[in-house]
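Taking it in order: structure first as structure tokens, then the write-up.
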Amino acid sequence: MTQVETAETGKGGGPAETGAPGTRAGAPAAGIGGTWRARTQRAIRVLRVLRVLRVLRVLRVLREPEPWQRGLVIAALALVLGLLMLWHARITDRRGLGSLVETFLPWFGLFVPVLLAAALWRRSASAVVALLLPTLVWLNLFGGLLRDKSQSGGDLTVVSHNVAAENSDPAGTARDLAASGADVLALEEISQQARGTYESELAKAYPYHSVQGTVGLWSKLPLSDTRPVDTEQDVGPLGDAKLADTRALRTTVATEHGPLAVYVAHLGSVRMSPRSGFGTETRDRNARALGEALAAERNERVVLLGDLNGTMDDRVFDAITSRMRSVQDAAGQGFGFTWPAEFPVARIDQILVRGVEPRSAWLLPETGSDHLPVAAEVSW
């Protein structure tokens, strides 16, 4: 009897063995940390399995004919969009169609997310694949503009602005432009009524200037050999009717690095009408004449400033862009849209250079004009 009691109570014989039910004697119980790790590992395994199942499901769906047969209209529209951007230079320019497309070419990229949303809604694999074409074409054309390419260390700052003939505050516009610190300032669309205001307001900051018709150049550096440039702006229906206004000039700016030829131009406006379409005849004639003047320029260093009433994607400017570089494309960021000032949709105000290095390009704040001023720094 005594021996049995000793065995049950642990008295006398040896230490009593205790532990949780179902556990081996002497083994430690699992702690909170171990339980959490185990649950986490199980969750990770479940997620991996779900991921594999999802991939298998997508592959199984793609192997089925339905996703490729759905949304064929969306896929066709995506291919047309891509080919339109890829071959924009081959579009006929009858009634100005080619110029119209090229003026707003960057905006065609907005159709890609619209078509993508439609493709996903229709669960169309063919449409999603077809959208690769316009996406890659748009990135090839304009992807480089999304990167900031500006650099410091410019030698000369130039500004160009269409001040608008109907500008109600030419004095304020002049003060804003003078405050930009530009070394060379080009103005376009100077009305006869506002000419004196611009001359008086800019005289202190710019001791040298020349106004030819409706365009003018103000400079902190001496000017020479200033003359109007015939861009055939006012050729009449018979080809011999000329009006008085000059809309382009050429001058030489004396810099410490040598002479710099500067052109200021305001090409003809474009008009949209149901009868004639996108009317670009005057602008196109001006562009060809200006291209010939630039081709004949003997100075190796040239800057073109002005309102060209067109984007540099437009084929009509090929004779100019083949000889000169856009500072916005070379040293800016983004598209630099300038018109209309309240909600810009196109860059029609340009600064182009030859023989000098673009360092930076930017837009200046809105003035009393319907255009935004453009600015750039160049170096030698």
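The values are calculated or read from the model by the stated rules, or taken from the named source; none is laboratory data. Note that the structure is a prediction, hence the values are computed from the model and not measured. We place every Cβ from the backbone using ideal geometry, glycine too, and count neighbours over all the protein chains shown. Remember, those area values only see protein heavy atoms, side chains included, never the ligands or the DNA or RNA. Shrake-Rupley method; radii C 1.70, N 1.55, O 1.52, S 1.80 Å.
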Virtual spin-label span in nm between S210 and W87, 7 Å along Cα→Cβ: 4.7
Run the numbers for Q333 and A179: contour at 0.36 nm per residue of separation, minus the present Cα-Cα distance, in nm. 53.2 nm
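Where does each of K220, K204, K149 land when they are ordered by accessible area, with a 1.4 Å probe and the largest first? Walk me through the numbers before you get to the answer.
On the way: K220 85, K204 195, K149 35 Å².
Sorted by accessible area, descending: K204, K220, K149.
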Between S269 and E342, what is the spin-label point distance in nm, taking each point 7 Å from the Cα along the Cα→C-beta axis? 1.6
For G306, distant residues with modelled amide H under 5 Å away: A265, Q350
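Assuming R0 = 35 Å, what is the FRET efficiency of S322 and L136, from their Cβ-Cβ distance, to the nearest 0.05?
On the way: r = 26 Å, r/R0 = 0.73.
E between S322 and L136, to the nearest 0.05, is 0.85.
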With θ taken as phi - 60° and the coefficients 6.51, -1.76 and 1.60, list the Karplus ³J(HN,Hα) couplings across the range 273-288 in order, rounded to whole Hz; mark glycine and proline as x. 9, x, 7, 9, x, 8, x, 10, 4, 5, 4, 5, 5, 4, 5, 5
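Fully extended, how many nm does the chain gain between N299 and T35 (0.36 nm per residue separation, minus their Cα-Cα distance)?
Values: separation 264, 0.36 × 264 = 95.04 nm, distance 8.15 nm.
Gain on extension, N299 to T35, equals 86.9 nm.
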Calculated FRET value between R45 and L97, using beta carbons and R₀ = 56 Å, to 0.05: 0.40
Once the Cβ-Cβ distance between D155 and V114 is put in as r, and R0 is 45 Å, what FRET efficiency do you end up with, to the nearest 0.05? 0.50
Semi-axes of the equivalent ellipsoid for the range 148-236, please: Cα gyration tensor eigenvalues, times 5, square-rooted, ordered largest first, whole Å. 22, 17, 14
For the range 180-339, the percent of all C-alpha pairs falling in each 5 Å bin, from 0 up to the bin holding the max distance, is 2, 8, 16, 20, 21, 17, 11, 4, 2, 0, 0
